[in-house]
Amino acid sequence: MEKPWKCVDCGKRYRYPSELEAHRRNHTGERPFTCSQCGEGFTQSSSLQKHQRVHTGERPLTCSQCGEGFSHLYNLRRHQRVHTGERPFTCSQCGKGFTQSSHLRRHQRVHTGERPFTCCQCAKGFTQLSDLQTHQRVHTGERPFTCSQCGEGFTCSSHLRRHQRVHTGERPFTCSQCGKGFTSSTNLRAHQRVHTGESPFTCPHCGKGFRVSFLLLRHQRVHE
């Protein structure tokens, strides 16, 4: 369709003058549509209407696969990739695919070594903000995740879930060689070295290898 209306600032063209007028606000900074709840401004009335769902809790867009509701179309499309398996954002380094561009950007730090989130206490860097927040509890002593069975506190939810298996007896990580179950993937990997014979933890003094790090630490006392 013909687009006779042209922006004098960037040359972008539009079909209707109303579309051009809305676009021009990106250059002028004008945001005439304001949310009465929080005061945030928008360039278009449709953007304001979508934003207001944050306050009302309205979720008019529903997933046809599972019925989950969403407030915005892009959130629904992103969710649908769970069902379709689509991963449109691909890492140019290793080819790994992701459902969201933010997940791809976070992954790429594995290749670049970038750690933009730094602890102000010890200067340790992290690839994700959530990892930094969890780490900072080492300094503050905060343990917000508490076991309902025994009251023990943990710095992150994954540590709490792993601990709760002590009470439930759950062992979801199973050895494919012998069928033995473990409460964590770390314990499973350590066990599998019984079958493979791998000893990745090596003593710098005598070269002796160990399956797990704590055995190496205990051995090093012989030299000390």
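The values are calculated or read from the model by the stated rules, or taken from the named source; none is laboratory data. This one's a predicted model, so the numbers in the text were calculated from it and none came from an experiment. Methodologically, a virtual Cβ is constructed for each residue, glycine included, from the backbone with ideal geometry; neighbour enumeration extends over all protein chains shown. What goes into the accessible areas is simple: the full protein's heavy atoms, side chains included, and nothing from ligands, DNA or RNA. Shrake-Rupley method; radii C 1.70, N 1.55, O 1.52, S 1.80 Å.
So the values come out like this:
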| quantity | calculated |
| --- | --- |
| Over the stretch 1-148, relative contact order from alpha-carbon pairs under 8 Å, at least 6 apart, % | 8 percent |
| With every protein chain in place, the stretch 5-146: carbon and sulfur % of accessible area (1.4 Å) | 45 percent |
| Sequence-separation-based contact order of the stretch 99-153, relative, with Cα cut under 8 Å and 6+ spacing, percent | 20 percent |
| Net lengthening on full extension, residue 189/residue 118 (0.36 nm per residue, minus Cα-Cα) | 22.6 nm |
| Cα gyration tensor shape of the stretch 73-194, rounded if a/c is under 1.5, else prolate or oblate by comparing a/b with b/c | oblate |
| Net charge of neighbours whose Cβ lies under 12 Å from the Cβ of residue 47, counting Lys and Arg as +1 and Asp and Glu as -1 | +3 |
| FRET efficiency, 1/(1 + (r/R0)^6) with R0 35 Å, evaluated for residue 40 and residue 82 via beta carbons | 0.75 |
| Gain on full stretching of the segment that runs from residue 19 to residue 6 - 0.36 nm per residue minus C-alpha separation | 3.7 nm |
| Anchor residue 3: lysines whose Cα lies under 20 Å away (excluding residues fewer than 8 positions away in-chain) | 12 |
| Residue-normalised accessible area of the stretch 33-76, expressed per residue, 1.4 Å probe, Å² | 65 Å² |
| Added length on full extension, which subtracts the Cα-Cα distance from 0.36 nm per residue, residue 91 to residue 152 | 17.9 nm |
| Percent of Cα pairs exceeding the 25 Å cut-off, where the set is the stretch 1-160 | 64 percent |
